[in-house]
1. Can you classify segment 2-76 as rounded, prolate or oblate using the Cα gyration tensor, where a ≥ b ≥ c are the square roots of its eigenvalues, rounded means a/c under 1.5, and otherwise it's prolate if a/b beats b/c and oblate if not?
2. Take every DSSP beta bridge whose two residues both sit in the chain, then give the antiparallel share in percent to the nearest 5.
3. What order do you get for TYR106, TYR206 when you list them from fewest to most C-beta neighbours inside 10 Å?
4. Of THR19, THR181, THR167, how do they rank once you tally other Cβ atoms within 10 Å and put the fewest first?
5. If you split all Cα-Cα distances of segment 114-213 into 5 Å bins from zero, what percentages do you get per bin, shortest first?
6. Of LEU171, SER115, ALA56, which is farthest on the positive side of the dipole of the chain, counting Cα position, with +1 on Lys and Arg Cβ, -1 on Asp and Glu Cβ, and the Cα centre as origin?
7. Just the Kirkwood number for the chain, please: inverse of mean 1/r across all distinct Cα pairs, in Å, one decimal.
8. Using C-alpha positions alone, give me the convex hull volume of segment 19-124 per residue in cubic angstrom.
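Coordinate-derived values only; no laboratory data. Here the structure is a predicted model, which means the values were calculated and not measured. Here the Cβ positions follow ideal geometry from the backbone for every residue, glycine too, while neighbour counts run over all protein chains shown.
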Amino acid sequence: ADVHVVCDLQYSRATSNPTRWVLVVPNDSPIQTVKDLEGKRIAAEAIGIVEKYLEANGVNAEVEFSWGATEVKVPDLVDAIVDITETGSSLRANNLRIVDVLMESYPQFIAKKESWEDPWKRAKIERLAVLLRGALMARDMVGLKLNLPDTALEAVTLLLPSLRKPTIARLAQEGWVALETVLTELQVRELIPRLKELGAEGIIEYPLNKVIE
């Protein structure tokens, strides 16, 4: 296509992992590699991708278009399928296993080349790209605020991962500081009980809309 790729947007429907096009067979299938597909039938929505993959591997197989519900077609209707997956959980739930990964991909933010070559439009597009990346980076992250005594500061800062270092400010109360940082939701769940044990008080977790590096 006559477009300019501004940036990759690293997200999928449920995670930040890439979407994968995978070759799938039932768990008890004798098919172990793409070479075992010689003369077999494969169902897929992305026929072009599958045909190029088979050609690259020197395999002749029949590829038929799937109108959806591809996972239920093996083994009764076809020998294998090529489907899109993110975590693989749906495949496992249907007693299927992945033989090979055809390709991985992320969504892309694209612009018409004529728009990208226009300085005014390009500036607008680049600003939008910054905001999109910032929103994606904030997707699994939260902010954390807390107060703690000076005596616990060193131990707490060693515990806390951060984009840089946590922000620390003196409180009006003698011997106390306020600390603020950014980290993932998973890290917060592990850290809050430990922070409390170290004497932290007024612990506040809050969502983030954007994180711009």
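1. prolate
2. Once the DSSP bridges in the chain are tallied, antiparallel ones form about 85 percent.
3. Arranged by neighbour count, lowest to highest, TYR106, TYR206 become TYR206, TYR106.
4. THR167, THR19, THR181
5. Spelled out bin by bin, segment 114-213 gives 2, 12, 20, 18, 12, 10, 7, 6, 5, 4, 3, 1, 0 percent.
6. Value computed over the given set: LEU171.
7. Computed over the chain, the radius equals 21.5 Å.
8. Dividing the Cα hull volume of segment 19-124 by its residues yields 127 Å³.
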